[in-house]
Amino acid sequence: MARPRKFEEERAVEAAMRAFWADGYEATSTQELCNATGLGRSSIYNTFKSKHDLFEKALARYMDIKTSNVIRTLEDGGRPVRERLRTILEWAVEPEPGDPAGCLVVNTVVELAQRDEAIAERIARDERRRLTALTAAIKEGMRTGEIDRSKDARALAHFIVSTVSGMRVVARGGADRRTLTSIADTAMDAI
């Protein structure tokens, strides 16, 4: 009995996401996508129209997973706000086992966002979601006295996003755990 097409498509998007995450959009060939997904070239194009369409779906999946995790963590009222923020930074120190180094969104900003309006808008929407959740958590921390009320909550949210992005870049460049931990420690001191 054949697997449902929806399952095959989700599995292919997941595999493509990891291939693009590891090597980037331009460097990931159609043949590499075939190898990663287990699909033939014609199946990829019949299902996804183009490499770009598959990339958009893979990027959307990545952002949905990662941003949902960030928001869920930031909204966890059972833990102090500073602990929640530290968790976000720790994910850049210690990624999930088997994940490629770096961040698909950061890589895409550098590689495509300046020349691909649809991708740039998708990334901007995702960033707004993260910034809104971070700003709300920081304001909560200000109300509870965990974070200095004289600071600008939105600026701190941008700072955290930028710090995590930078950590992902240096991790991709080979930074070790000690270096990444020191960056996270410094960021927490600044918050």
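Overview of values
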| read-out | value |
| --- | --- |
| Segment 1-70: C-alpha gyration tensor shape, a/c 1.5 cut-off, then a/b vs b/c | oblate |
| Dipole axis of segment 79-191 (+1 Lys, Arg; -1 Asp, Glu on Cβ), positive-most option in 188, 161, 142 | 142 |
| Between 0 and 90°, nearest 10: helix 117-144 axis offset from the chain longest Cα axis | 30 |
| The chain: relative contact order as a whole-number percent, Cα under 8 Å and 6+ apart | 23 |
| Most mobile of 46, 107, 69 in a GNM of the chain (Cα contacts under 10 Å) | 46 |
| Degrees between helix 81-93 axis and first principal axis of the chain (Cα, 0 to 90, nearest 10) | 40 |
| Choice from 127, 96, 14 showing the highest fluctuation, given a GNM over the chain with Cα pairs closer than 10 Å | 96 |
| Net dipole in debye of segment 1-153 [+1 Lys, Arg Cβ; -1 Asp, Glu Cβ; about Cα centre; nearest 20] | 420 |
| Accessible area per residue in Å² at 1.4 Å probe, computed on the chain | 53 |
| Gaussian network model of the chain, Cα within-10 Å springs - most flexible of 68, 43, 29 | 43 |
| Heavy-atom accessible area order for 64, 76, largest first, 1.4 Å probe | 64, 76 |
| Where trypsin sites (Lys or Arg not before Pro) in DSSP loops with at most 16 other Cβ within 10 Å are excluded, longest remaining stretch of the chain | 50-114 |
| Carbon and sulfur %, accessible surface of the chain computed with the full protein complex present, 1.4 Å | 51 |
| Proximal lysine pairs, the chain, alpha carbons under 16 Å, eight or more residues apart or interchain | 5 |
| Residue-count net charge about residue 52 - beta-carbon cut-off 13 Å; Lys, Arg +1, Asp, Glu -1 | -1 |
| Size-normalised alpha-carbon gyration radius of the chain, reference 2.2 N^0.38 Å | 1.13 |
| Rounded to 10°, Cα long-axis angle of helix 51-74 versus longest principal axis of the chain | 30 |
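The values are calculated or read from the model by the stated rules, or taken from the named source; none is laboratory data. The structure displayed is predicted, hence computed values, not measured ones. All Cβ positions, glycine included, derive from the backbone under ideal geometry; neighbour counts span all protein chains shown. The protein model used for the area step is the full one, side chains on, heavy atoms only, and it has no ligands, DNA or RNA in it. Shrake-Rupley method; radii C 1.70, N 1.55, O 1.52, S 1.80 Å.
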